[in-house]
Every structure is written in C-alpha cells, then in structure tokens.
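Here, each number is a calculation from the coordinates, and none is a lab measurement. In this text, all values refer to a predicted model and were calculated from it rather than measured experimentally. Neighbour counts are summed over all protein chains in view; Cβ atoms, including those assigned to glycine, are modelled from backbone coordinates with ideal geometry.
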C-alpha cells in the first residue's frame with residue numbers, strides 16, 4: 001500500500017506544478033492568437049455593456065452579474081480540478097480558469113439578458129437560445145481554436161447548466177429585491 005504524502009510533499013508538488021505551468025504559459029501561450037483573442041474577450045464586452053446598461057438598475061444588474069461570475073468561476077475550477085475539461089490557453093497562468101469567459105463574456109451576456117428580458121417567459125426563451133449558442137457553437141469553436149479541451153465532458157452537459165444558472169439567479173435576485181422593498185416600507 002502506498003504511503004500518503006506529507007503536507008510538505010504536497011506543497012512541493014504544487015510548487016513544481018506551478019513552475020511547469022508558468023514555463024508552459026511563457027513558451028506556448030503568451031502572445032499567441034488565442035492569447036490576444038482571450039484578452040479582447042476579457043476587455044471589449046465591458047465597453048459594450050457600459051454603453052447598454054440601464055443605469056437606473058445598475059446595482060441590481062451588477063449583483064446578477066456577480067452571482068453569475070462567482071458560480072461559473074467555481075464550477076469551472078471544480079470541472080478543471082476533476083479533469084472534466086481543461087484549457088490549453090489563457091491570458092495568465094495562475095488564477096482562475098479562463099477568466100475571459102468567467103469574469104467577462106458570461107456575466108456580461110447574462111446581465112444584458114437579465115436587463116432586456118424582464119418577464120419570465122421571454123427571459124427563459126432568451127436563455128435557452130443563449131445556452132444553445134454557448135453549448136453548440138461557442139464551446140466547439142473554443143475546441144477548434146485549441147483553447148478548450150473536453151476530457152470527461154460532453155458539450156451537451158453544459159446546456160441545462162447555462163439555463164439553470166440564469167433561472168436560479170433571477171429567482172434569488174427577485175426574492176432579495178422583494179425582501180429589500182418590504183424592509184423599506
């Protein structure tokens with residue numbers, strides 16, 4: 001039976017892994033086409049969002065986006081740690097996984113849908129269409145570009161997750177807003 005590693009051995013392995021990741025990133029990822037694409041995805045959607053966001057609902061919309069960003073980043077980290085998928089490219093080697101998607105594209109997209117589709121039926125429809133685009137166009141495109149690699153994951157698994165995230169966060173935010181309005185009375 002194999003001996004369990006000590007805490008120090010685990011730290012040493014983590015340090016070695018981090019060193020390897022930095023070396024790989026500097027040699028194979030930094031300043032590639034994929035690097036510049038991900039950097040653009042990280043920055044440009046925020047300019048679009050700022051032009052389109054309803055300033056009267058800014059705080060509400062930002063809370064929705066923060067919920068999206070927090071949960072998708074956590075799910076992404078869990079998926080990568082479990083070797084369900086991995087990213088061959090990113091704009092930095094440390095933290096967190098694919099920040100362009102987790103901190104920009106997904107939250108901005110979800111916030112715009114939340115803003116423009118206030119009634120439930122169109123909101124759900126818009127999110128189903130978005131989930132289909134992300135799942136069956138976006139993810140395969142990122143695979144084709146060499147950015148994203150599925151290991152023990154199929155794109156179709158993502159489809160209901162994208163939809164459930166949107167519905168869950170709208171429900172939570174509606175409950176919070178209702179509670180807040182009652183507290184103000």
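Does the range 14-72 come out rounded, prolate or oblate, given a ≥ b ≥ c as the square roots of the eigenvalues of its C-alpha gyration tensor, rounded meaning a/c under 1.5 and, failing that, prolate meaning a/b above b/c?
oblate
Kindly express, to the nearest 10 degrees and within the range 0 to 90, the angle between helix 120-133's C-alpha long axis and the longest C-alpha principal axis of the chain.
Roughly 30 degrees between the two axes.
Using Cα atoms only, what is the angle between the long axis of helix 33-52 and the major principal axis of the chain, expressed in degrees (0 to 90) to the nearest 10?
Rounded to the nearest ten degrees, it is 20.
What FRET efficiency comes out for residue 11 versus residue 43 if R0 is 45 angstrom and r is the Cβ-Cβ distance? Round to the nearest 0.05.
Result of the calculation: an efficiency of 0.85.
At 7 Å along Cα-to-Cβ for each site, give me the label-to-label distance between residue 74 and residue 157 in nm.
About 1.9 nm separates the two model spin labels.
Using only the alpha-carbon atoms, how far is helix 106-116 inclined from the longest principal axis of the chain? Give it as 0 to 90 degrees, nearest 10.
Once rounded, the angle reads 10 degrees.
Between 136, 47, 123, find the one with the highest GNM mean-square fluctuation for the chain; connect C-alpha pairs within less than 10 Å.
Sorting by GNM fluctuation, first place goes to 47.
Can you tell me, using C-alpha contacts under 8 Å and at least 6 residues apart, the relative contact order of the chain as a whole percent?
26 percent.
If I compute Rg/Rh (Cα atoms, Kirkwood Rh) from the structure I just sent, which labelled value in (1) 1.04; (2) 1.19; (3) 0.92 lines up?
Here the calculated entry is (1).
Specify the residue with the greatest mean-square fluctuation among 39, 94, 30, computed from a Gaussian network of the chain linking alpha-carbon atoms under 10 Å apart.
Maximum fluctuation in the GNM of the chain, among the listed residues, is at 94.
Calculate the spin-label point distance for residue 36 paired with residue 95, positioning each point 7 Å from the Cα along the beta-carbon direction, and give it in nanometres.
Taking the simple label geometry, residue 95 and residue 36 are separated by 3.0 nm.
What distance in nm lies between label points placed 7 Å from Cα along the C-beta direction at residue 83 and residue 168?
Going from the residue 83 label point to the residue 168 one covers 2.6 nm.
Just to confirm my numbers, what's the Cα centroid distance between the range 48-121 and the range 131-185 in Å?
That distance is 8 Å.
Using 0.36 nm per residue of separation minus the Cα-Cα distance, give me the extension gain between residue 58 and residue 26 in nm, one decimal.
Separation in residues times 0.36 nm, less the Cα-Cα distance, equals 7.7 nm.
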